[in-house]
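The values are calculated or read from the model by the stated rules, or taken from the named source; none is laboratory data. Note that the coordinates shown come from a computational prediction; the quantities given were computed from them, not determined experimentally. In this analysis, Cβ positions are derived from the backbone assuming ideal geometry, glycine residues included, and neighbour counts consider all displayed protein chains. When the accessible area is computed, the model is the full protein with side chains, heavy atoms only, and any ligands, DNA or RNA have been set aside. Shrake-Rupley method; radii C 1.70, N 1.55, O 1.52, S 1.80 Å.
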Amino acid sequence: MLLRGPDIASPRTAGKYTVGVPMWMWVNQSAETFGPNTASASAGGITVTATARVSKVVWQMGDGSSVTCNGPGTPYQASEGMAESPTCGHVYSKTSAGAKNGKFPVTATSTWTIDWQGGGAAGQLTEIRQSNVQVAIGELQVVR
């Protein structure tokens, strides 16, 4: 069973984000990056089956804040305008100009919950996986 870190769809490294504007965060879902992922193994007449699912994704935003999302997040649609994400989002309050390379390092950490059973027993395991992205946060100013 292969379990990977979150497949970050947003924020994107090539994206440009703005102070004070809601950022929607979400991950693409596949068996290896979000689950469910099921595998079985047999030995000595005993078969064990395990199913893994991501139970949460914790985002370290690079500005000192952390966001915990209990699902994959909601993909942004242009029709949402400036609304905040209903499931997983963040609003930056400062630019990334002072950060290394002018970008904040964002880390998404998924917690996998693995339920297994076989041979008359059952249990649960936890695994942690991470993915990273760099995001540039700029600032808009009114010019008169």
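Of the residues making up segment 92-111, those that are assigned to a loop (DSSP other than H, G, I, E, B), surrounded by 14 or more Cβ atoms within 10 Å (Cβ to Cβ) and either more than 20 Å from the chain's Cα centre (by Cα) or of a type outside the set (Phe, Trp, Tyr) (or both) are Lys94, Thr95, Ser96, Ala99, Lys103. Has segment 126-137 got any residue that is free of Cβ contacts under 8 Å to residues at least 24 places away in the same chain, farther than 17 Å from Gln29 by Cβ and in a loop (DSSP other than H, G, I, E, B)? Scanning segment 126-137 turns up no residue that is free of Cβ contacts under 8 Å to residues at least 24 places away in the same chain, farther than 17 Å from Gln29 by Cβ and in a loop (DSSP other than H, G, I, E, B).
Within segment 73-91, can you find the residues that are loosely packed, with under 12 Cβ neighbours inside 10 Å and in contact (Cβ under 8 Å) with a residue 24 or more places away in the chain? Show your work before the answer.
The first filter runs over segment 73-91 and keeps only residues loosely packed, with under 12 Cβ neighbours inside 10 Å, leaving 77-79, 81-82, 86.
Within segment 73-91, just Met82 meets the criteria.
Elements of the type strands (runs of 3 or more DSSP E) sitting completely within segment 1-72 and holding at least 1 residues that are within 18 Å of Ala108 (Cβ to Cβ), open to solvent by 50 Å² or more (accessible area, probe 1.4 Å) and touching a Gly at 6+ places or on another chain (Cβ under 8 Å): these cover 46-60.
Here the condition is being open to solvent by 80 Å² or more (accessible area, probe 1.4 Å), of a type in the set (A, V, I, L, M, F, W, C) and either more than 13 Å from the chain's Cα centre (by Cα) or under 22 Å from Arg4 (Cα atoms) (or both); of Val142, Val133, it holds for Val142 alone. The residue pairs whose first member lies in segment 33-47 and is touching a residue at least 24 places away in the same chain (Cβ under 8 Å), whose second member is aliphatic (A, V, I, L, M), and whose beta carbons are closer than 6 Å, counting only pairs six or more residues apart or on different chains, are Phe34/Val54; Gly35/Ala52; Gly35/Val54; Asn37/Met1; Asn37/Ala31; Asn37/Ala52; Ala39/Met1; Ala39/Ala50. Here Ala108 qualifies as at pLDDT 95 or above and either among the charged types (D, E, K, R) or farther than 28 Å from Ser40 by Cβ (or both).
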